[in-house]
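S.K.: Quick one: the structure is below, questions incoming.
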Amino acid sequence: MTEYVYPALFALGVWWASTVAIIYLDGLPQKTFKYSMIGATIIFGVSLWGLVWSASDTSIAGAYWAFTFGLLAWGWQEMSFYMGYVTGPRKQPCPENCKGWSHFGHAIQTSLWHELAIIYAAILVVAFTWGEPNQIGTWTFMVLWWMHQSAKLNVFFGVRNLNEEFLPEHLEFLKGFLNKRSMNLLFPFSVTISTIITVLLFTWAFADGATPFEKAGYTFLGVLMALAILEHWMLVLPMPTATLWSPGLKSRGDRKPFAVDIVVGFLGSGKTTTLRRMLSEANPAEKTVVLVNDFGELGIDGSLLSGQGADVIELPNGCICCSLRKDLAAQLREVVSKMAPDRVLIEPSGVADVASLLQVLATPEIASLVKATRLYTVIDAGAFLGDYARMPDYFDVQARIAPVFILNKIDLVSESQLGAVRETLVALNPKAKVLPARYGAVEDELSPSQAIYVHPTDNEKLDSGAEHDHGHADGHGHAHGHGHGHGHGGHHGHAHDHSHDPELGMRSWSRPLSKPIPTDDLSEKLHAVARGAAGKVDRMKGIARSGDGWLRFDIAGGRVSMAVHIPGKNETARALAIGKTLDLAVLDRMFDVPAAARSEAVDGESDRSGFGAEPAMAS
């Protein structure tokens, strides 16, 4: 039996080692890629020569050499793609709402040059070995090509385990081309065809009269096909498949687990104030990083949170929805690698799809880094009843996933109104704790353990309040070695207007304020906006120069507030308004926005990427 056992072990060992090597090299800094590709190209050239050299050798050694050279020739195809050298003409995610054949076409564009390179390499391999008795190297290349195409199509149509932690950061855009579901219609055909081929190969290997060369060669190919079948089942069965390839992740360094605190709530509920309170009470020995996601191009909250003893990354112009699912993982990995935080605080915009954010934190590549997720849902006691009447679905979802409600601004409502709000929240989620608060400060004791959010299991459904059906799910890429699938799939300095999810129907107005505004004039403008002079404004906030100083201002729940602001380095005066029926022209006139800024805001390309925007660091 050794004539079968040794080739089987050799095939398994070389296949696993070469896959781990590719993952390891792809996890090194990008500046090393050129050296890796130079080495891979030399090996590719040697492997083509080796295929020619071994093509006439029908000894057992000839089978070993041909198999090895065929596998090495395939390795160049994988490395050139995953290192970004040979991909395709499309290097952007699939547009939102893209589905069907258009979605499939975009996926092809992301890897078109890669697929053509494989075809060209296959022609070379066949041409160099044509008519020779030793075809093991050629068929090794073809089997790996089959594994590659089959796995790629299956992860595109949808499988359970996508092992997204293996997808390199420079190919994050591919995640939008992958689907996560229990199984797809192609899968049974892929496994059945592979099984038939595997049976035939082993039948030939064990056939009476098979030569030692044929026994070894067909065993190589049979084992490779058996591994293809195993990998396909690993895509759909509930098993920790990533463990098999974990040695390849050593190049990405050790990453310290961190705690995540998420402060959510509708526009004007007091999230930023609550976050400031949390930062003031934070343990100074803990390294804390804050990710702030404003709805609008010119972010405000980052400035309001700076100087609180934490690094603030302001990521403006965001609705945390589908774009977040593509980009947040990369942002968190960057934060972890560069800052090694003990704690990450996230303040999404007031119209964010929080369920999508939690789904991202539940993905394996992020979940392995997060030691605890705490979720605080801030409610504006004065505005809740009216907001809930307008948007019950939005608040139903927020309430169902909330471990804790921070019932803020209780000093602005009567006892009867406060009781009505409290009873409504209890009815929406009887298990959640309701904690009264003033200015974000909770009156009762709040233990962090009370806010722990437990991610649902695979058998449970995390409902997203704003349905986002774009023809792809949030499962992400399977990006390693031989034949493994890959679905091929800030602040920009200008303001612009955009609409959010159609269920909420929100628009934003964000502009720089080029002129100082006297305090009395600013107060008059803000009260006019609160009365409806510029349409229905659900939220307005900003920073303005006034006299020799600076003011921060706010409209929430129809109430106007102003306070002194200490500007950061290179601070710019700016304002943001959010609402369903904003009169943009009136706002421009009221705040003396120059015509050039108005034109730039209209012409600027909309970027709703949320956490995918280029981070602006605030000290």
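S.K.: Run ARG374 past the list (1) buried (at least 17 other Cβ atoms within 10 Å of the Cβ); (2) over 24 Å from the mean Cα position of the chain (by Cα); (3) not in a helix (DSSP H, G or I) and report the number of the one that doesn't hold.
M.R.: Result: ARG374 fails condition (2) only.
S.K.: A follow-up question, please. Only one residue in THR288, THR273 is touching a Phe, Trp or Tyr at 6+ places or on another chain (Cβ under 9 Å), in the same structural domain as VAL354 (by TED's automatic domain parsing) and either farther than 30 Å from ASN161 by Cβ or at pLDDT 75 or above (or both). Which one?
M.R.: It is THR273.
S.K.: Right, another one. Which one of LEU249, LEU279 is among the aliphatic types (A, V, I, L, M), over 20 Å from the mean Cα position of the chain (by Cα) and surrounded by fewer than 22 Cβ atoms within 10 Å (Cβ to Cβ)?
M.R.: On inspection, the qualifying residue turns out to be LEU279.
S.K.: Hey, does region 401-418 have a residue that's out of contact with any strand residue (DSSP E or B) (no Cβ under 9 Å at 6 or more places or on another chain), polar (S, T, N, Q) and surrounded by 14 or more Cβ atoms within 10 Å (Cβ to Cβ)?
M.R.: Yes, region 401-418 contains at least one residue that is out of contact with any strand residue (DSSP E or B) (no Cβ under 9 Å at 6 or more places or on another chain), polar (S, T, N, Q) and surrounded by 14 or more Cβ atoms within 10 Å (Cβ to Cβ).
S.K.: Could you say whether any residue in region 151-168 is in a helix (DSSP H, G or I) and within 28 Å of SER54 (Cβ to Cβ)?
M.R.: Looking through region 151-168, at least one residue is in a helix (DSSP H, G or I) and within 28 Å of SER54 (Cβ to Cβ).
S.K.: Only residues that are modelled with pLDDT under 75 and either within 14 Å of LYS175 (Cα to Cα) or buried (at least 20 other Cβ atoms within 10 Å of the Cβ) (or both): list them for region 337-354, please.
M.R.: SER349, GLY350, VAL351, ALA352, ASP353 - these are the residues of region 337-354 that are modelled with pLDDT under 75 and either within 14 Å of LYS175 (Cα to Cα) or buried (at least 20 other Cβ atoms within 10 Å of the Cβ) (or both).
S.K.: Considering only residues that are of a type outside the set (A, V, I, L, M, F, W, C) and loosely packed, with under 15 Cβ neighbours inside 10 Å, which ones fall in region 419-445?
M.R.: The answer is GLY419, GLU423, PRO430, LYS431, TYR439, GLU443, ASP444, GLU445.
S.K.: Output the residues belonging to region 531-544 that are within 37 Å of the chain's Cα centre (by Cα) and either within 22 Å of PRO567 (Cα to Cα) or not in a loop (DSSP other than H, G, I, E, B) (or both).
M.R.: Within region 531-544, GLY535, ARG539, MET540, LYS541, GLY542, ILE543, ALA544 meet the criteria.
S.K.: Here is a follow-up. Out of all the residues in region 437-456, which are of a type outside the set (A, V, I, L, M) and either over 22 Å from SER368 (Cβ atoms) or in a strand (DSSP E or B) (or both)?
M.R.: Across region 437-456, the qualifying residues are ARG438, TYR439, GLY440, GLU443, ASP444, GLU445, SER447, GLN450.
S.K.: Please enumerate the residues belonging to region 554-574 that are part of a strand (DSSP E or B) and either in contact with a Leu (Cβ under 6 Å, 6 or more places away or on another chain) or of a type in the set (Val, Ile, Thr) (or both).
M.R.: Within region 554-574, ILE555, VAL560, MET562, VAL564, ARG574 meet the criteria.
The values are calculated or read from the model by the stated rules, or taken from the named source; none is laboratory data. Bear in mind the structure is a predicted one, so any value in this text is a computation, not a measurement. Cβ: placed from backbone, ideal geometry, glycine included. Neighbour counts: every protein chain shown.
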